[in-house]
1. Check Val29: other-chain or 5+ apart residues with amide H under 5 Å from its amide H, H built from backbone geometry?
2. Specify the angular offset, from 0 to 90 degrees and rounded to the nearest 10, of the alpha carbon long axis of helix 67-78 from the longest principal axis of the alpha carbons in the chain.
3. If the cut-off is 19 Å between C-alpha atoms, which lysines fall inside it for Lys167, apart from same-chain ones fewer than 8 positions away?
4. Placing +1 on the Cβ of each Lys and Arg and -1 on the Cβ of each Asp and Glu in the chain, which of Val129, Val490, Leu71 has its Cα farthest towards the positive end of the resulting dipole?
5. Is it possible to state the helix-based mean residue ellipticity at 222 nm for the chain, with each DSSP H run of 4+ residues giving -39500 (n - 2.57), the sum divided by total residues, to the nearest 500 deg cm²/dmol? What is it?
6. Leaving out same-chain residues fewer than 8 places away, which aspartates and glutamates sit with a Cα under 20 Å from that of Lys455?
7. Run through every distinct alpha carbon pair of the chain and return the Kirkwood hydrodynamic radius in angstroms, one decimal place.
8. Among Lys105/Lys609; Lys598/Lys634; Lys334/Lys598; Lys305/Lys609; Lys286/Lys312; Lys370/Lys491, which pairs are too far apart, with a Cα-Cα distance over 21 Å?
Amino acid sequence: MHISPTGQNLSGQTLATLVLDFDSTFTQVEALDVLAGQLFAADPARQTDLNAIRELTDLAMSGEIGFGEALLRRVQLLKPTREDIAALAEHLKSQVSASIIRNQKALKDYAGKIRIISGGFHEFIEPVVAEYGIAPEHVLANRLVFDANGIAVGVDTENPLSRDGGKIEALRGWDLTGPVVMVGDGWTDYEVFAGGAVDRFYAFTENVTRQKVVDATRANEATQVVTSFDEVLHLEGYEGRYSFPRSRMKMLLLENVHPVAIQHFREEGYDVTTVKGALGEDDLIKAIQGVHVLGLRSKTNVTQKVLDAADKLMAIGAFCIGTNQIDLKASTEKGIAVFNAPYSNTRSVVEMVMGLTVILTRNIYDKSVKMHVGKWDKSATGAHEVRNKTLGIIGYGAIGSQLSVLAEAFGMRVIYYDLAEKLTLGNARRYRSLDALLAEADVLSLHVDGRAENKNFFGKAQFAKLKDGAIFINLSRGHVVDIAALSEAVKSGKVYGAAIDVFPEEPRTNDDPFVSELMGLENVILTPHIGGSTEEAQEAIGEFASERLLNFISRGDTTFSVNMPNVQLSEVEGRHRFLHIHQNVPGVIATINNIIAKYNLNILAQHLKTNERLGYVIVDVDRGYSREALEELKAVNGTLKFRSLV
């Protein structure tokens, strides 16, 4: 437990008692509405009663009718048995708010400082909150009155919570010392603050937003609107699972990032904004303000100017293979971690290359074009099998190597060229001379990376050395091929057919025009950068890239980062973690350890990894720490980014 006997945190701040509403705050739902749905589901004739109960709930929570009146009328309509109430309690255990679940340990650690007050009923509230360390004596709620048959027919009218304004009277009966804070979504919760029974009020909007409550909250300096319990713990100086509330961490996802990634981020409690297309530099500079995580695909360029304007940015996720659209040098200098998805669309690209190989070798594309204008050209001239043909692969990485396996299954002979030594798969053969490979390849497929020095890697000189009548395929990066040289090679017959999926200049959105010298050429297939654009690949990319980003944000894991020292870390369990990214200069680790010793913190684990520009220190300590310790760690010479996780 991190609370001191004096009710203070480690910085000496006196912790307020947090009093939470139950319905739509501790849980995601209104309990009596759920009960009504369970009781009336099998009886369509009672749909009118169900609607009436829901209307009474909304009217009471918005302050349109008296709470006591609404409560009694709902119970009289429901008439639940004790068994019904027990079943409701079990169901509500699965409906606890996401941010409450995330902070279950904090609720238990601060037992006694976190309490419940509700116009609902002890009978179903106590079993739910007990799993979060909240004792029955720390719950104020109504009690049902049952008849001899065990059917609820009313409420205990002696309980102040059964009456309008009863929360104020009931809360004062606790005789709490020190500051008291009310957290709730309804008008009766705000009334507790307005009536002077608490010092501060948080309008809780994670599950439902009641505009009257939000408007009143925003009009008062002692009240705030919050979207999660993480924010409450953070603002009140508690040490919950997260040192900074996830709901206040902003993620900006561009270019139709797959919905599975959006879902993962929102399930973890992050504030996610999505943009359908790419953003230009000026628009991105405006959008990046206050953003902690940026997600994009291949058309948005993250320049030095953009990074200079990014005041909060911690990580960038490229939901694609390449990262040449991101200024990696500037990102590294600012301590911003960059991740990509280097393998997730490999199969999709490989299958497309093989499909294009068959289509071009058989001259299927031109015959299809003729069919669309009514010309029947049933001829075998110029159509060949791919079996026994030689496939030349330039770049034997994840895609190139898998392509070699699939091509061999088609009966092709495979040769490849790569500057680095690679594990050769199947019967593929490595050529150490690019010219030798070009002279033998019937089909040539490029799979080189997008680094700047690869611009026009394949130009006029290389086409001249290519085997006459070869097929040329590029699904790697647009700028690696001299398009003018390719156009001339096709027109001259040097290249029999070509398939190009990537271009030096590509439209930013589907509404922008496309222009290329290759348009209209025979046996040339042009596709709009769709090599990895299958539903399977995009979902896999969404899964992989979002997992990398979540692991970095939640525990500091940099596995698969393209610019950070790679460190694989476990979850933060039963400890506190400091994450310190700094310039790779002498003395940083010694200074960090001196500060930790100064504040008498015991190190449970420590990692230091460096690359030529950065140092990354991860320190796990055994107990909580003061804000003064954090400020000193942030001030260490060379610090680029510093975070603490609980």
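Throughout, read-outs are computed from the coordinates displayed, never taken from laboratory work. As the structure is a prediction and not an experimental result, all values here were calculated from the model. Positions of Cβ are backbone-derived with ideal geometry, glycine not excepted, and every protein chain shown enters the neighbour counts.
1. Long-range HN contacts for Val29: Ser24.
2. On a 0 to 90 degree scale, this one is about 80.
3. Lys167 reaches Lys113, Lys212.
4. Val490
5. After summing the helix terms and dividing by the residues of the chain, the value is -10000 deg cm²/dmol.
6. Asp327, Asp418, Asp435, Asp482, Glu488, Asp501, Glu505, Glu506, Glu517
7. 29.1
8. Lys105/Lys609; Lys334/Lys598; Lys305/Lys609
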